[in-house]
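The values are calculated or read from the model by the stated rules, or taken from the named source; none is laboratory data. Quick caveat, the model's predicted, so the values are computed rather than measured. Ideal geometry is used to build each Cβ from the backbone, glycine not excepted, and the neighbour counts take in all protein chains shown. When the accessible area is computed, the model is the full protein with side chains, heavy atoms only, and any ligands, DNA or RNA have been set aside. Shrake-Rupley method; radii C 1.70, N 1.55, O 1.52, S 1.80 Å.
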Amino acid sequence: MDYRPRLADAALNVLLHATGAVVIEGPRGCGKTATARHAAASEVLLDLDASARAVGLLEPALLLDGDRPRLIDEWQVVPNIWNQVRHEVDAANEPGQFILTGSAVPSDDLSRHSGAGRFGRLRMRPMSLAESGHSTGTVSLAAILGGDDPRAPESGLGLKDLVDRIAIGGWPNLQARPVESALTVLRGYIDETRRLDVRRADGIARDPESVGRVLRSLARHVSTSASARSIAADVGGVDGPIDHHTVLDYIRALTRIFVIEDLPAWSPALRSRTPLRSAPTRHFVDPSLAVAALGTTPRRLLQDVETLGLLFESLVVRDLRIYAQALDATVYHYRDGSDLEADAIIEGRDGSWSAFEVKLGPGAIDDAATTLLRITDRVDPERHGRPTALCVITGWGFAYRRRDGVAVIPIGALAP
């Protein structure tokens, strides 16, 4: 089968040369198996092969026979295989023995206690626009963080194209589908999540209707810092809001199956005594799941600019996470007690940082640039240095640097 290269390929190769086994984790359908198969010499697909599952429950060591690296797909279906892989890695004492993929974190999280020094971890998400071929890739994030000026003409990705990309998402198997067909699949994804998948997180049965209402509320609050209490009030019925601890439980379970991926807050040292907000920003792993949970369509989104803007921000956060991971960096958001905020902060391992604001249209670029410059004045330069870049990510337009030093980059031109 044709394989579309992923940014995770390089990271997987590095880990296979450094550790005995690599665990690839991410949401169902994001391309984990295809990426692993591209690097593996043999495989066993536990979610598809009932006989392999039966053997694994009785004698998991038998599933390890095969050329290396050997792919064990959806390993958590047979949790005992983790210890067998660990022992085999110890016995071989060589890197690149196994690739394990999983779309749920087991509730007892065996890997936390027994994987140190043996297993490398690789997080995968649905494809970015650069990976799916919908970004020209003219502007390199790495180059921008290195101080280069962004220069790019119109990417050709217009408003309607962006709305379709938000609705279809980065799911590899949906890229060639019409938007209506992709939405049907994704609504089924949400339905399976609320009815069956959420139970895979920890084996606990939850009310599908309540899970569905929480998913819809999270979709309504995407790209905001909505609290569990406000979500509980939002999903309440005639009997009033559900308990916010129940909402927290649902969010934890949805996070374990990689449907929800909130953006944590950045906590720098500030020049002033302005307090920092620690609440995460709500995001699905892909904005298309929020579209599906809302039951909306591209046509309706074009008539609801506020919701579209929040979903566009979530799309940009998805891509920044993927690009930052390729650069060995992490994405956060910033918000302080005066409600001054940046939609994304990218922090490198060396402590360097850059700030991003996301604006769908060009009309808000001036305000966004002012916000980024104000944040620069708040962060203590002696502790964190000056930002390596200040950028406004837009839906369309040219890529350029303003006179105040703020870069303007359309998402359809960005790549790692």
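Put simply, of 188, 236, 203, 212 the only residue that is on the phi > 0 side of the Ramachandran plot and small (Gly, Ala, Ser) is 203. Taking region 255-293, which residues are part of a helix (DSSP H, G or I) and among the charged types (D, E, K, R)? Within region 255-293, just 256 meets the criteria.
Report whether or not residue 339 is of a type in the set (Asp, Glu), out of contact with any Cys (no Cβ under 6 Å at 6 or more places or on another chain) and at pLDDT 95 or above. Here the answer is no, as residue 339 does not meet what is asked. Restricted to region 158-172, and to residues there that are among the charged types (D, E, K, R) and closer than 19 Å to residue 139 by Cβ, the residue that is surrounded by the most Cβ atoms within 10 Å (Cβ to Cβ) is 165.
So, of the residues in region 179-218 that are open to solvent by 80 Å² or more (accessible area, probe 1.4 Å) and not in a helix (DSSP H, G or I), which turns out to be nearest to residue 252 (Cα to Cα)? Per the stated criteria, the residue is 204. Residue pairs whose Cβ atoms lie under 7 Å apart, separated by 6 or more positions or on different chains, with the first residue in region 358-385 and more than 21 Å from residue 348 (Cα to Cα) and the second of a type in the set (Phe, Trp, Tyr) and assigned to a helix (DSSP H, G or I), are 360/312.
Of all residues in region 249-270, those that are on the phi > 0 side of the Ramachandran plot and crowded, with 19+ Cβ neighbours inside 10 Å have Cβ atoms under 9 Å from Cβ atoms of residues that are of a type in the set (S, T, N, Q) and not in a strand (DSSP E or B), 6 or more apart or on another chain, in 258/103. Looking at 10, 61, can you tell me which residue is open to solvent by less than 50 Å² (accessible area, probe 1.4 Å), at negative phi and in a helix (DSSP H, G or I)? The conditions single out 61. Filtering region 13-38 to residues that are under 24 Å from residue 257 (Cβ atoms), open to solvent by 40 Å² or more (accessible area, probe 1.4 Å) and among the small types (Gly, Ala, Ser) leaves 29, 34. When you look at residue 155, is it small (Gly, Ala, Ser) and surrounded by 14 or more Cβ atoms within 10 Å (Cβ to Cβ), yes or no? Yes.
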